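Accompanying notes for the structure given below.
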Amino acid sequence: MLRVTAASLCSYCQKTRLLGPLPVAFASTVTPPTKRPENPLTVRSLYQLSVDIRKVRKFKAWVLSEGSAYVSETADLLRDMGADATAIACILETHPEAVLCRPEDAAAQRDLWVSVCPNRRELMSIVEKFPASFFTLTRHGHQRANILYLQSLRLSNRIIGKLMASAPQSFGRPVELNKKVIHTLRETYLDLGGDEGNLRVWLQKLLSQNPYILLRPAEAWQDSLSFLREQGFTTEELLVLVSSLRASIAELQPEAMRQALGYVEEALSCSKDELKQTATRCPAILYYSLPTLAGRFQGLMDVGVSMEQVKESPNALELTTQIVLYRVQKLASYGYDVRSGSLDVIAGTKRDFEASCVKLQLRRQRPLFNPVAPLNAAEE
């Protein structure tokens, strides 16, 4: 019978459990283990901290059965970091495994995070949002080496802190692996004509957009770029795509991109050059699946938009059918017929669209001024 002992307590904190549910065929032949009794000291200590025991029993009942737990020590550490009683209870409800971490390991983790985020309030905000990342203990040597490496690149501590919170796996592996990925990113950017002076900003945007990029094989970037070069994209166009897609380009599959480009080319009845222009203006079409692309096109057709309009404003394809319908109806209430105008007015962010609506509303409310009309007697 598989059992987590007190001695291996922090193995869960050091890495998530790798054992998933047993296959159905196998599970049916295995007698389920007897449920172990709860540790009354752990239950009482959590209860005194106003932790919802029912919630812990429902989602992480095994934690309550461990022979050793450090509830008060964990609460003291969080309290010293600036957490109030409500925050402590919330953290331990969300990630009760935290009480299984040895105090010395949790303290070492705190010191590492403080080196990146010295502001107590900001640090506690991160811990409240990502308690699993904070209490997931990896090898401190790897963590420290990766932090120092990223700081040597002059990346902001804010970006490094975001990486630690969102993708702690990146810091639990040898720094050489992350160096290899960063080197590939750097060489890709410079080979495409990127400016060395903007490299740090570009890297920060990449890592901020997709914290998991360091876990992607460096070869994935090369495969995606090689495919796009085969499609005739110039160096300048590739730089635009890489800068727009940022980390997403490492996740693109050549065959999926081939299908997406083929579908758009046929739907818009456009030439190869027009297709490249469409992709550089709306890079999202490279990672949309065929059903998604077909649904976006159909949604625009359903509101009376022409293919020529889509070709002129391909960014409209970034909107879901529901958003397109809502925006078209709202514009119609201001007297704007999207079928006879530009789709640029419905594309873009929510803020851009609301600004366009305000302009249309003001234009509709403002009376037209005729400079040659005679003044009223009261105005003369």
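Points to keep in mind about this one:
- Unmet requirement for Thr138, which otherwise passes all of (1) assigned to a loop (DSSP other than H, G, I, E, B); (2) modelled with pLDDT of 90 or more; (3) touching a Phe, Trp or Tyr at 6+ places or on another chain (Cβ under 7 Å): (2)
- Verdict on Asp105 being assigned to a helix (DSSP H, G or I) and at pLDDT 95 or above: no
- Residue within the stretch 324-345 that is on the phi > 0 side of the Ramachandran plot and under 34 Å from the mean Cα position of the chain (by Cα) present: no
- Per-region count, the stretch 100-126, residues surrounded by 17 or more Cβ atoms within 10 Å (Cβ to Cβ) and touching an Asp or Glu at 6+ places or on another chain (Cβ under 8 Å): 2
- Among residues of the stretch 212-253 being crowded, with 18+ Cβ neighbours inside 10 Å and small (Gly, Ala, Ser), the one that is nearest to Ala167 (Cα to Cα) is Ala247.
- Across the stretch 256-282, the number of residues qualifying as within 14 Å of Ala316 (Cβ to Cβ) and not charged (D, E, K, R) comes to 5.
- Residues within the stretch 302-345 that are more than 19 Å from Leu362 (Cβ to Cβ), surrounded by 14 or more Cβ atoms within 10 Å (Cβ to Cβ) and without any contact (Cβ under 8 Å) to a residue 24 or more places away in the chain, tallied: 2
- Condition met for Gly262 (in a helix (DSSP H, G or I), within 29 Å of Ala220 (Cβ to Cβ) and of a type outside the set (A, V, I, L, M)): yes
- Inside the stretch 137-189, residues that are among the basic types (Lys, Arg), under 28 Å from Leu228 (Cβ atoms) and touching a Leu at 6+ places or on another chain (Cβ under 8 Å) make up a count of 1.
- Whenever a residue of the stretch 79-102 is among the polar types (S, T, N, Q), its partners that are buried (at least 17 other Cβ atoms within 10 Å of the Cβ), lying with C-beta atoms within less than 6 angstrom and at least six residues away or across chains, give the pairs Thr94/Pro131.
The values are calculated or read from the model by the stated rules, or taken from the named source; none is laboratory data. Fair warning: this is a prediction, and the values are worked out from it, not measured in the lab. Neighbour counts are summed over all protein chains in view; Cβ atoms, including those assigned to glycine, are modelled from backbone coordinates with ideal geometry.
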